1. When the residues of the stretch 183-196 are filtered to those that are surrounded by 13 or more Cβ atoms within 10 Å (Cβ to Cβ) and part of a helix (DSSP H, G or I), which remaining residue is modelled with the highest pLDDT?
2. Is one or more of the residues making up the stretch 156-175 at pLDDT 90 or above, more than 30 Å from M15 (Cα to Cα) and out of contact with any strand residue (DSSP E or B) (no Cβ under 9 Å at 6 or more places or on another chain)?
3. It is to be established whether one or more residues within the stretch 59-68 are surrounded by 14 or more Cβ atoms within 10 Å (Cβ to Cβ) and more than 24 Å from the chain's Cα centre (by Cα).
4. Checking the condition modelled with pLDDT of 95 or more and of a type in the set (V, I, T), which residue from V64, V69, V59 passes?
5. Restricting attention to the stretch 9-18, does a residue exist that is open to solvent by less than 50 Å² (accessible area, probe 1.4 Å) and at pLDDT below 95?
6. From E144, E107, which residue is more than 17 Å from F86 (Cβ to Cβ), at pLDDT 95 or above and open to solvent by 60 Å² or more (accessible area, probe 1.4 Å)?
7. Would you please list the contacts, defined by Cβ atoms under 6 Å and residues six or more apart or on different chains, that run from a residue in the stretch 45-69 that is more than 25 Å from E107 (Cα to Cα) to a residue that is open to solvent by 40 Å² or more (accessible area, probe 1.4 Å) and part of a helix (DSSP H, G or I)?
Amino acid sequence: MSNRDRILGLALTLMNEEGAEAANTTRIASALGISPGNLYYHFRNREEIVRVLFDALEVEFRAVLVEDVGPPIPPARFAAFYLRSFGLAWRYRFFFGGLLGLLRRDEELAARYRALQDWALAELERIAGQLVKDGSMSRPRGREGLRSVALNTWLIWMNWIRFLQISGKDVIQPADMAAGASQLFDVLAPYLDPAFEKSARRALARNQPR
């Protein structure tokens, strides 16, 4: 493994465990047993490290929304989609937990995040629309009903880590993220076909981490 990859791997681990604020370049270099100069050869600062980690997060997230939810959407795939998306949030939990501070410190990252958010809301609206076409979900009321479902989905997914932190959860586990997927099902339940919901919840319970 190259020094660059070692830096990224350990940076992700430290930021997840200690937060992005605590895991600065000096801390990362010390934990790796390399000089700060060696780290700066690959990355100018912590913000650049975070941007590269966001690259990986974005690639994985786009894959989840496009590859995992092709039409038609059966219940098991629908459940797997939410589990995988919350699993992704757990693997990059430093980003979700420290989102506002990270975006305030880095205008480039903030612009990229907003672009991803716009794209994700459109994709989530598309997924909701596909469920309606499949007969698995009733159309929400109002002209912006599908958009509202997409926005609620995004808000729960993006803020679940911070909710856990504020609730006093010192160490977040994959099982805590599965609870977030269940929460999303509760929000969608009024719109889902009962048989579809029952089958999807069984798949969710069967496959969620313990």
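1. In the first step, residues of the stretch 183-196 are kept if they are surrounded by 13 or more Cβ atoms within 10 Å (Cβ to Cβ); the result is 183-185, 187-188, 191-193, 196.
Pick out the ones that are also part of a helix (DSSP H, G or I) and you get 183-185, 187-188, 196.
On the way: Q183: 94, L184: 92, F185: 91, V187: 91, L188: 93, F196: 97.
So, considering only residues that are surrounded by 13 or more Cβ atoms within 10 Å (Cβ to Cβ) and part of a helix (DSSP H, G or I), the one modelled with the highest pLDDT is F196.
2. no
3. Residues of the stretch 59-68 that are surrounded by 14 or more Cβ atoms within 10 Å (Cβ to Cβ), as a first pass: 60-62, 64-65, 68.
Applying the additional criterion that residues be more than 24 Å from the chain's Cα centre (by Cα) yields none.
Checked against the condition, which is being surrounded by 14 or more Cβ atoms within 10 Å (Cβ to Cβ) and more than 24 Å from the chain's Cα centre (by Cα), the stretch 59-68 yields no hits at all.
4. Values: V64 fails: modelled with pLDDT of 95 or more; V69 fails: modelled with pLDDT of 95 or more.
That would be V59, the only listed residue that is modelled with pLDDT of 95 or more and of a type in the set (V, I, T).
5. Of the residues in the stretch 9-18, the ones open to solvent by less than 50 Å² (accessible area, probe 1.4 Å) are 9-12, 14-16.
Imposing the further condition that a residue be at pLDDT below 95 reduces the set to none.
The answer is no; no qualifying residue exists.
6. Numbers: E144 fails: at pLDDT 95 or above.
Checking each option against the conditions leaves just E107.
7. If the second residue must be open to solvent by 40 Å² or more (accessible area, probe 1.4 Å) and part of a helix (DSSP H, G or I), the pairs left are V64/R84.
The values are calculated or read from the model by the stated rules, or taken from the named source; none is laboratory data. Quick caveat, the model's predicted, so the values are computed rather than measured. For neighbour counting, all protein chains shown are included, and Cβ atoms are generated from backbone atoms with ideal geometry for every residue, glycine included. Remember, those area values only see protein heavy atoms, side chains included, never the ligands or the DNA or RNA. Shrake-Rupley method; radii C 1.70, N 1.55, O 1.52, S 1.80 Å.
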